[in-house]
Amino acid sequence: MPEIAGLSSFEVHFDERGKLAQAPPDAGRLPTAISAGGLDDLFVFAHGWNAGTASAQATEAAIFTLLAEQLGAHRQHCAAVAIRWPSLLFPEDDPRTPKPTPSSGAMLASALAPAFPRSAFQLDQLGSLLDEQPPSMTELGRFHLLASSLVSSPSLALEDSGGAAVLSADTASLFGMAAAIGNPSTSHQPDRRDGYQSLWAGAREVLRILSYYEMKNRAGLIGRDGLGPLIASLRTPTGRPRIHLIGHSFGARLVAYALAGVAGQASIGQRSPIKSLSLIQGALSHFAFASSRPLGNGVHTGALAAFAGQVDGPILATFSDQDRLLGWWYPMASLLNPPPGQSADRIIHQWGAMGHDGLQGDRVSRVALSAVQAGYRFANGVAYSLDASAVIAANQSSFSGAHSDIAHPEVIGPIAAAAGFGPVRSADLPVTEHDPLRRGELGKSHRAAGV
C-alpha cells in the first residue's frame, strides 16, 4: 500500500476465520515498522461488507487523505493501517455503477466466490438454479438449503441473531416475503401462476440476506480473533503505539469486536493501547454497548458493554436517516420470519443498527456533526452518537441509499479530535451526568496534549 498524503501506510489481511493471511509485499511490515520506533499513533480502518478490492482501496484512500489533512505536522509520527478481510459485492449493488442491471446467477456466484473460498460447489449450484429457475418447490427448497450453508461463522451476540430465523423458515413463505421486500409491487403471497418467477426473485433476495448475515458474523469473528490479538501484540521500543480504531459498515463491527480480542491481553483504562473507537455508519446493533436492552420477553446486556473499558478515550458512532441499507435492509432479515405477536416497529427497534438511529441506551451523548473547522472536545470514556443525516445524505443506490457516502471532512474531523488532533471547541460537548460507559472517567481528558 503506497504512502497516503504523508502518512506511512500498511495493509493487514485476514482470512474468513480471522487468521493473518500472507499478502506480499506487506506481510509482516507492520509489526517490524512499529518495533523500529518513530510511529506513535496508528489509525486502523476496516472497510465494510459489499466492498470489492477496488472500492475498498478507493474508500481507504479517501478516508486516510482527509485524515492526513486533519493531522497536520503530526502525520509524520502516524500510520494508516488498512484492514482487508473477505467481504463480497453483489455486482449491481456497486454504487459506482450508474445504471446497474440484475446480474445472472453465474455472475453472482462468481462475485461471491472470493468471499466463500470453501463453498465453490454450493455457489456453482446456487448460480445454476437462479439462471434455470425450475418450477419446483423441491428445487426452491434445495436453493434455500444451499444458501443457508454459506452461513458458517457463529453469531457473537444475542442482539445480532435476528437473521438466524431465515435459516429455518418455511421456504415458500420466506421466498414470497423476500420477493415483496425486493420489489414492493409484488404480493407477499407465493404466486405459482407466473411459473414461480416471483419465488425465484425471492430466492435471489434470500441469497443476498444470507450472505449479508454471514458477513455480519464473520466481521465480528475477525475482529475478536484476528485484529484484537494483533493489536495486543504490537510494541514500540518504549511501549505500545496508540491505536485509533475506525470502521465503516461491517468494518465498524469488525473493529468494535477487536475490543473483545484484547480483553484478556491488555488492561483497561489508561493502560489500554486503544485510544479511540470511531464507528462510521456501523452495521451492528444499536444496543451493542447498552448496559441493558430488551430482547424477547427479557432484558439483556449489549454484547460489547463489558468491553467498553478497553477504549481509553471516546467512542463515536455516526448515524444517518438517509442510510437505507441500515434503516431498511438491516432489520429485514428478522422481519422475513417475525416472531408471533410482534409489530414491525418493535422488531425494527429490537434488531436496529446504530448507523441508522445511533447508539441506544441512557448513557449516550448525541451531537450533530458540524463544519470540520469548528472542532470538538470529547470526554474520555464517553459514547457519542453523531447525527450525520445532513452530511451522509447522497443516495448512491436504491439498495444502500447514503450508506457509503462517508468521505467528508465533517465525518473525519471528529475522528481526528477523538484521537487528540485537530481544532477543538472552547467548551466541552454536552454530556449526560450518568454517562460514561466506563466508571470513574467522566470529564477527564483522554489525551494530556489536550482536547
- Net charge contributed by nearby residues that have their C-beta within less than 10 Å of Trp351 (K/R +1, D/E -1): -1
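Rounded to the nearest 0.05, what FRET efficiency is calculated for Arg142 and Thr301 with R0 set to 45 Å and r the Cβ-Cβ distance? Could you put the intermediate results ahead of the total?
Details: r = 40 Å, r/R0 = 0.88.
After rounding to 0.05, the efficiency reads 0.70.
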- Inter-label distance, nm, simple model (7 Å from Cα along the C-beta direction), Ala5/Glu132: 5.2
- Descending accessible area (1.4 Å probe), largest on the left, turns Asp170, Asp41 into Asp170, Asp41
- Query: Using θ = phi - 60° and the Karplus form 6.51 cos²θ - 1.76 cosθ + 1.60, what ³J(HN,Hα) does each residue of region 311-325 get, whole Hz, x for Gly and Pro?
  - Reply: 9, 8, x, x, 10, 10, 9, 7, 8, 8, 7, 8, 8, 6, 4
- Residues whose modelled amide H sits under 5 Å from the amide H of Ile274, counting only those 5 or more places away in sequence or on another chain, are Ile243, Asp312
- Net charge near Ile280 (other residues with Cβ under 14 Å of its Cβ; Lys, Arg +1; Asp, Glu -1) is -4
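Mind checking the full-extension length gain between Thr32 and Ala368? Use 0.36 nm per residue of separation minus the Cα-Cα distance, one decimal, nm.
Computed gain between Thr32 and Ala368 is 117.0 nm.
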- Message: Using the Karplus curve 6.51 cos²θ - 1.76 cosθ + 1.60 with θ = phi - 60°, what ³J(HN,Hα) values do you get for each residue of region 225-241, in whole Hz, with x for Gly and Pro?
- Response: 9, x, 5, x, x, 5, 4, 5, 8, 6, 9, 9, x, 10, x, 10, x
- Message: Modelling each spin label as a point 7 Å along the Cα-to-Cβ direction, I'd like the Asp345/His77 distance in nm, to one decimal.
- Response: 5.3
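At a 10 angstrom cut-off on C-beta neighbours, averaged per residue, how do the peptides 139-150, 118-129, 380-391, 244-255 rank from highest to lowest? Spell out each step's value before the answer.
On the way: 139-150: 19.2, 118-129: 17.2, 380-391: 22.7, 244-255: 30.5.
Order by mean packing, descending: 244-255, 380-391, 139-150, 118-129.
Around Leu150, under 12 Å between beta carbons, what's the net of Lys plus Arg minus Asp minus Glu among the other residues? Write out the running numbers ahead of the final one.
Numbers: positive: Arg118, Arg208, Arg218; negative: Glu16, Glu214.
With Lys, Arg at +1 and Asp, Glu at -1, the neighbours total +1.
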- Query: If you project the alpha carbons of region 143-183 onto the principal axes, what extent comes out on each, in Å, largest first?
  - Reply: 30, 22, 16
- Roughly what would the spin-label model give for Ser152 and Arg377, points 7 Å off Cα along C-beta, in nm? 5.3
- Amide H contacts of Ala402 (H built 1.01 Å from N, under 5 Å, at least 5 apart or other chain): Asp323, Arg324, Leu325, Gln396
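The values are calculated or read from the model by the stated rules, or taken from the named source; none is laboratory data. Model, not experiment: these values are computed from the prediction. Here Cβ is always computed from backbone atoms with ideal geometry, including for glycine, and neighbour counts include all displayed protein chains. Quick note on the areas: whole protein, heavy atoms, side chains included, nothing else; ligands and nucleic acids left out. Shrake-Rupley method; radii C 1.70, N 1.55, O 1.52, S 1.80 Å.
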